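Take a look at the structure set out below.
The values are calculated or read from the model by the stated rules, or taken from the named source; none is laboratory data. Treat the numbers as computed from the prediction; the structure is a model and nothing was measured. Note that each Cβ is placed from the backbone with ideal geometry, even for glycine, and that neighbours are counted across all protein chains shown. Each accessible area value is taken on the protein alone, full model and side chains, heavy atoms only, with ligands, DNA and RNA left out. Shrake-Rupley method; radii C 1.70, N 1.55, O 1.52, S 1.80 Å.
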Amino acid sequence: MMNNRISDRATVFKTSTLGNNVNIEDNVNIRDNCSIADNVTVSKGVIIRDRAIIGDNCRIGRFSDVGKKSNIGKGTRVFVRATIGSEISIGESCKIGADSVINADIADNVKIPSNAHLVSDDKVISDVIVIAKGTLTATFYETRKGLFVKMRSSIPLDVDELTVKSNPELYQLAKSLFPERFSFRKRLLNKLAL
């Protein structure tokens, strides 16, 4: 029982395998030796690079890019224009927000909001919070090595990436940068102050 729907305007390399009930929309490019499991939807304009694996019941949003040798766990949703780096493992039942750039492994059941930019040499183990003020965006996330804040700005910053356990001043920095949002993030920021 294949029951696959593949657009005439999609490219699926012959070395890639498709499960049952796979829906591949227009302008999709699935490269060499990929594995697409059952009940997967690959939306318009998606690129799935060599040797990537997409688990059961996944949905890959429009114009997203899945890197070489990456693995997306079953039940995960990747929203529009997200970029998953090469050799990245995304756990089961995750939600990867629109326009996110993921260059870190993600544990099961993690939610990544839109516009998150994650870079880590360790697995992200908690939901990610992104808050912005003016030209500054802060992404808070936790790995097995500790809690991190990645700061991005359209103007130069003295702060790049900090691990909280070695820099407790981050609590005060976050509080001063985002006072109007602080009460909503108090539990996380209290963890950051440990």
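A few points about this structure:
- Some residue of the range 35-45 being closer than 26 Å to Ala116 by Cα and open to solvent by 40 Å² or more (accessible area, probe 1.4 Å): yes
- Top-ranked residue in the range 80-127 [being surrounded by fewer than 18 Cβ atoms within 10 Å (Cβ to Cβ) and among the hydroxyl-bearing types (Ser, Thr, Tyr); ranked as farthest from Val28 (Cα to Cα)]: Ser126
- Pairing residues of the range 8-34 that are over 18 Å from Lys69 (Cβ atoms) and open to solvent by 60 Å² or more (accessible area, probe 1.4 Å) with residues that are among the acidic types (Asp, Glu) and part of a loop (DSSP other than H, G, I, E, B), at Cβ distances under 6 Å and at least 6 apart in sequence or on separate chains, gives Arg9/Asp26.
- The single condition among (1) within 21 Å of the chain's Cα centre (by Cα); (2) surrounded by fewer than 17 Cβ atoms within 10 Å (Cβ to Cβ); (3) over 19 Å from Val128 (Cβ atoms) that Ile48 does not satisfy is (2).
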